[in-house]
Amino acid sequence: MIYLTEARTASTEEITTFSDVLYPQKAHFFADTYSKAGSGMVYPPHKLAEKVLDPVLMKTLRENPVKTAFILASGNSHFAGLNPKDKEPNSLTYDYKALPMTLTQVYAGRTAAAFGANDLVMTDASACASSLKVMMDIQSLVRMYGFERVVVLSLEDAVSNTVLNFFGQSGASLTLAKEAEGCVRSAFDPTNEGFYVGMGAVLAIFETENSMKVTGFKPRAELVSAYSAGENSTNAIGQREDGEGFKKAIEGALYAGRIQPFTVRTVKTHGTGTRSNNVAEKTALMNTLKDFVATSFKQRIGHTMGASGLLETILLLDNVKNGFVPEIPNRTDEDVIFLSKPAPAEKGGLILSLAAGMGNVYSAAIFKDMQC
Amino acid sequence: MMDKIQLFLEVAKLARPIYSEELVLDSLNVPLAETGLDSLDCLMIGMYMSDIYGIEEEISKEMQPESPQGYYDFCELHKTREPSTLEEALGWCK
């Protein structure tokens, strides 16, 4: 069996307004990651990663070696700082002098070494599904190839000119212009919709019993099952509204884990709150599960892109430990499924986490809470 | 007279990831391979040293030190300025 033992997260509910980008908008931003970035010697994604790279945890793993893989789930590859400049220099403009350090696999290899993860180093670029997509990889590594431990680090350069411009232009993130029309962040709501972009990072350690014997770590959850799927679409930056991709991912995870749909009662949705995701994800869930409550975190911490799937799962596990599943902010109607109010948590229950990414990738992972 | 070992250690602290274990250095003549620095640490240290000694980026790319002393030898050859104190040197790390 595979257990999620230790995890570290970085995200913020604080909001910063960026008026000097092409599509002015708010974002969940760690200003300190950009401190001295203009010098070309400080790379903001590295500073963000340092918020979750716990030296004590790294040393413990290094000093207790088992067959270990390291995965950097770097999402849309914006970790590599693609075109961080805007047309005119602004508050997010930076360049980086040491180009090798911007390459995801180079960064992954260096960070893996600090964990003593010398048996395999991988990167994943499955867009905003990345950190959940690698749950499928973890299962393969452990069950087919004898790995005892997998370290997952996930983050990307989410609040950058490139991302703010892309999301702003496509109408995916809430711009100041849309907010002026009265639009407020929410998901699965008939009136409010959307998200801000957010900076976030997650570090999670997955172990077998054998690895846990040497680290002494306790399980927070069991990774019961995971599956990723594509969908039949001619639009690589859109979603089918019949939820084909989400449905295939959910059904794949249920089948792989030999899980009956009625036993999954808690769902962490992808929950961007865009109209297309609302329709697609809701349709898929209503056609696969039987009796569940669903929440979304992107309206609280923003869309942390590649990191979002796993990061939000850890946040939900924290909430479940405290006895509740949080509501989806700014719902305008009462809803006991896509929660308009917090609901009691099912401790020890199964949690389905969903994520979707551009390029038609959909990921589902099922965890069993073990914190009670 | 500035302690060059101390400056090197302070620059290494700036250049290395925050989780790195503390570097111990008794001599500037230790081969870099034996210091515990990895290749990217060495690259970043070179960039910071170039900043401190006012060496242009194009010239600093030619730096190929084999020991901490190697950084200072290169800087001595190409410097356009020289810090008089540790504080001044670190202040010049932009």
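The values are calculated or read from the model by the stated rules, or taken from the named source; none is laboratory data. Every value quoted in this text rests on a predicted model; they were computed, and no experiment measured them. Every residue, glycine among them, receives a Cβ derived from its backbone with ideal geometry; neighbour counts consider all protein chains shown. Remember, those area values only see protein heavy atoms, side chains included, never the ligands or the DNA or RNA. Shrake-Rupley method; radii C 1.70, N 1.55, O 1.52, S 1.80 Å.
Sorted largest first, the principal axis extents computed over the alpha-carbon atoms of the stretch A:189-298 equal 50, 34, 29 Å. Length, then width, then depth: along the principal axes, the Cα atoms of the protein assembly as shown run 74, 55, 40 Å.
In order along the stretch A:289-302, the phi-based Karplus estimate (6.51 cos²θ - 1.76 cosθ + 1.60, θ = phi - 60°) of 3J(HN,Hα) comes to 8, 10, 8, 8, 10, 10, 10, 9, 10, 5, 7, 9, 10, x Hz; Gly and Pro are listed as x. One quarter of the surface of the convex hull around the alpha-carbon atoms of the stretch A:176-242 equals 8.6 nm², the direction-averaged projected area. Annotation: amide H of A:Gln25 within the under-5 Å range of A:Phe18, A:Leu176, sequence separation 5 or more or interchain, hydrogens built in the peptide plane.
Between the alpha-carbon centers of the stretch A:231-249 and the stretch A:14-84, tell me the distance in whole angstrom. If we compute the Cα centre of each part, the gap is 29 Å.
Buried between A and B is an accessible area of approximately 1500 Å², summed over both sides with a 1.4 Å probe.
Here is the link list: A:Lys248/A:Lys282; A:Lys178/A:Lys247; A:Lys47/A:Lys298. Which ones come out longer than 20 Å on Cα distance?
Beyond 20 Å: A:Lys178/A:Lys247; A:Lys47/A:Lys298.
Phi-derived couplings, Karplus 6.51 cos²θ - 1.76 cosθ + 1.60 at θ = phi - 60°, listed residue by residue for the stretch A:240-246: 6, 6, 7, x, 4, x, 4 Hz, with x used for Gly and Pro. Using a 1.4 Å probe on the protein heavy atoms, what percent of the accessible area of the stretch B:23-90 belongs to carbon and sulfur? Result for the stretch B:23-90: 48 percent of the exposed heavy-atom area is carbon or sulfur. In this structure the amide hydrogen of A:Ala221, modeled in the peptide plane, comes within under 5 Å of the amide hydrogens of A:Leu4, A:Met370, none closer than 5 places in sequence on its chain.
Find how many whole Å separate the alpha carbon centroid of the stretch B:4-66 from the alpha carbon centroid of the stretch A:183-228. Using only Cα atoms to place each centre, the spacing works out to 37 Å. Applying 1/(1 + (r/R0)^6) with r as the Cβ-Cβ distance of A:Asp242 and A:Asp291 and R0 = 25 angstrom yields a FRET efficiency of 0.65.
Helix-only arithmetic for chain A: the sum of -39500 (n - 2.57) across DSSP H runs with n ≥ 4, divided by the residue total, places the mean residue ellipticity at 222 nm at -8500 deg cm²/dmol.
Could you tell me how far the Cα centroid of the stretch A:97-129 sits from the Cα centroid of the stretch A:266-299, in Å? The stretch A:266-299 and the stretch A:97-129 have Cα centres separated by 31 Å.
Given C-alpha coordinates of the stretch B:2-51, what is the ratio Rg to Rh with the Kirkwood estimate of Rh?
With Rh from the inverse mean 1/r over Cα pairs, Rg/Rh is 0.91.
Ratio to report: Rg/Rh of the stretch B:43-87, with Cα atoms as the point set and Rh obtained by the Kirkwood method; give two decimals. When Rh is taken as the Kirkwood radius, the ratio is 0.92.
Rg/Rh for the stretch A:268-372 (Cα atoms only, Rh after Kirkwood) is 0.93. Taking amide H positions as modeled 1.01 Å from N, with prolines and chain starts lacking one, the residues under 5 Å from A:Phe338 and 5 or more places away or on another chain are A:Ala294.
I'd like to check one number: the per residue accessible area of chain A, probe 1.4 Å, reported in Å² as a whole number. Don't skip to the answer; put the middle values down first.
On the way: 13630 Å² over 372 residues.
Accessible area per residue: 37 Å².
Dipole magnitude for the stretch A:166-261: about 400 debye, using +1 per Lys or Arg Cβ and -1 per Asp or Glu Cβ, origin at the Cα centre.
For chain B, dividing the convex hull volume of the Cα atoms by the residue count gives 93 Å³ per residue. Computed from phi, the 3J(HN,Hα) profile of the stretch A:11-27 under the Karplus parametrisation 6.51, -1.76, 1.60 (θ = phi - 60°) reads 7, 9, 8, 5, 10, 10, 9, 10, 8, 9, 9, 4, 10, x, 7, 9, 8 Hz, with x in place of Gly and Pro.
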